[in-house]
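Below is one structure; the comments refer to it alone.
The values are calculated or read from the model by the stated rules, or taken from the named source; none is laboratory data. This one's a predicted model, so the numbers in the text were calculated from it and none came from an experiment. Please note: Cβ atoms are built from the backbone with ideal geometry, for glycine as well, and neighbour counts cover all protein chains shown.
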Amino acid sequence: MPRISDMTTRAATRSDVAAITALIGACEIANDGVAEVHPTDVEHSFDLAGEEGGVIVVEGPDQLVGWATMADGRAEVDVHPAWRGRGIGSALLTWTEGRARASGLTQVRQFVTNSDRGAHLLFESAGYRVHHTSWILQMKLGKAPPAVVVPSEITIRPYRPEDAAATYRVIEDAFNEWPDRQPTEFAGWSAHVLGHPSFAPGMSRLAFDGDELVGAALSDDYQGQDEGWVPQVATKATHRHRGIARALLQSVFAAYHATGRRLVGLSTDSRTGALTLYERIGMRVRRTYTAWAKDLGGAQSNPSDHGDAEAKPMPERIGLAGHTRIRPRETRRD
């Protein structure tokens, strides 16, 4: 565990979910003026981290002042705005790197909103490089449900449990076209996507050419939230430029509209070339993020060996990973 002067660092438990959610919300308000984190996002971090000690917190005198986790090469760290500049973020950043090395990973990534200049300076000073730019976009729905225009010979229906393997294959093949992407096994994809507490199969849509699955738009339905979320969109390479992704999204928009939602969000990034597609169907950029990456190299080590020395104060508020509703997540253009 990182050792930070006058503070306690410990393994988090699920009883900390509410406090971690509040901590992240305070950081979001400080950076972007609005808190969007949902408790199910934090709960899912525990699911992804797996073993005990995969999520840690830093306690001040009367509140949580920081937290961190690392799963599948994507790290999440937050330091409360009132407690920045004391080395907490630096120590937690080092801990995530040590945990990644111990897992046999050669690279670790984090996402941070572009409004947080302090985090950008910290990443630069810690040897990170800009990997890509991500955008969160939002669609505002009108009073009438959006029209769904389905291409000829294509059918669209909701996701079913027996579609899991084929859906994974379409999404994974599309994402693996990106340079330097590390492939994801079915179990990892399923844990991130299907295993998310807010995954909504009935709101998700699949496109078929006969019996062949050729496209997918998956949904997360956050109860009590005004906005629906589309975590992944993909079209098979052989069926692109036919309007399938547009039809899938229109169908998802219509499904959310039927529940009373009038906002739908998703994220895309500079690797996909999909930004113009989303803008053409009426979506607008709500926030911009930078994905920072560090090549670790060297021998594996125990994460407990990292961050034991009291950390030097540095600019803080480390970014957040891309597996939740409000963080950038992989999408693929039509």
Of the listed residues (P179, P161), the one being out of contact with any Cys (no Cβ under 6 Å at 6 or more places or on another chain), over 27 Å from Q225 (Cβ atoms) and assigned by TED's automatic domain parsing to the domain that holds L266 is P179
Looking across the stretch 136-156 at residues that are out of contact with any Lys or Arg (no Cβ under 7 Å at 6 or more places or on another chain) and assigned to a strand (DSSP E or B), the single one that is farthest from V252 (Cα to Cα) is I154
Filtering the stretch 101-119 down to residues that are closer than 14 Å to V77 by Cα and under 20 Å from the mean Cα position of the chain (by Cα) yields V108, R109, Q110, F111, V112, T113, D116, A119
Here the qualifying pairs (Cβ atoms under 6 Å; residues six or more apart or on different chains; first in the stretch 158-176 and at negative phi; second part of a helix (DSSP H, G or I) and exposed (fewer than 15 other Cβ atoms within 10 Å of the Cβ)) come out as P158/G202; Y168/F186
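Within the stretch 98-120, identify whether any single residue is in a helix (DSSP H, G or I), aliphatic (A, V, I, L, M), modelled with pLDDT of 90 or more and buried (at least 18 other Cβ atoms within 10 Å of the Cβ), and answer yes or no. Lay out the reasoning, then the answer.
Our first condition is that a residue be in a helix (DSSP H, G or I); within the stretch 98-120, this holds for 98-102, 117-120.
Those still in the list that are aliphatic (A, V, I, L, M) too: 100, 102, 119.
Imposing the further condition that a residue be modelled with pLDDT of 90 or more reduces the set to 100, 102, 119.
Imposing the further condition that a residue be buried (at least 18 other Cβ atoms within 10 Å of the Cβ) reduces the set to 100, 119.
Yes, the stretch 98-120 has at least one match.
Name the single residue that is surrounded by the most Cβ atoms within 10 Å (Cβ to Cβ) among those in the stretch 121-135 being small (G, A, S) and outside any strand (DSSP E or B). Walk me through how you get there before you give the answer.
Our first condition is that a residue be small (G, A, S); within the stretch 121-135, this holds for 125-127, 134.
Narrowing further to those that are outside any strand (DSSP E or B): 125-127.
Numbers: S125: 11, A126: 16, G127: 11.
Step by step, filter the stretch 121-135, then rank; the result is A126.
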Within the stretch 22-46, residues being surrounded by fewer than 19 Cβ atoms within 10 Å (Cβ to Cβ), in a loop (DSSP other than H, G, I, E, B) and at negative phi number 2
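So that you can scan it fast, the table gives a plain yes or no per residue for (1) in the same structural domain as W95 (by TED's automatic domain parsing); (2) over 30 Å from P2 (Cα atoms); (3) at pLDDT 95 or above:
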residue: I244; (1), (2), (3): no, yes, yes
residue: F253; (1), (2), (3): no, yes, yes
residue: H257; (1), (2), (3): no, yes, yes
residue: T272; (1), (2), (3): no, yes, no
residue: T276; (1), (2), (3): no, yes, no
residue: Q300; (1), (2), (3): yes, no, no
residue: P313; (1), (2), (3): no, no, no
residue: H323; (1), (2), (3): no, no, no
Looking across the stretch 47-63 at residues that are crowded, with 21+ Cβ neighbours inside 10 Å and modelled with pLDDT of 90 or more, the single one that is farthest from the chain's Cα centre (by Cα) is V58
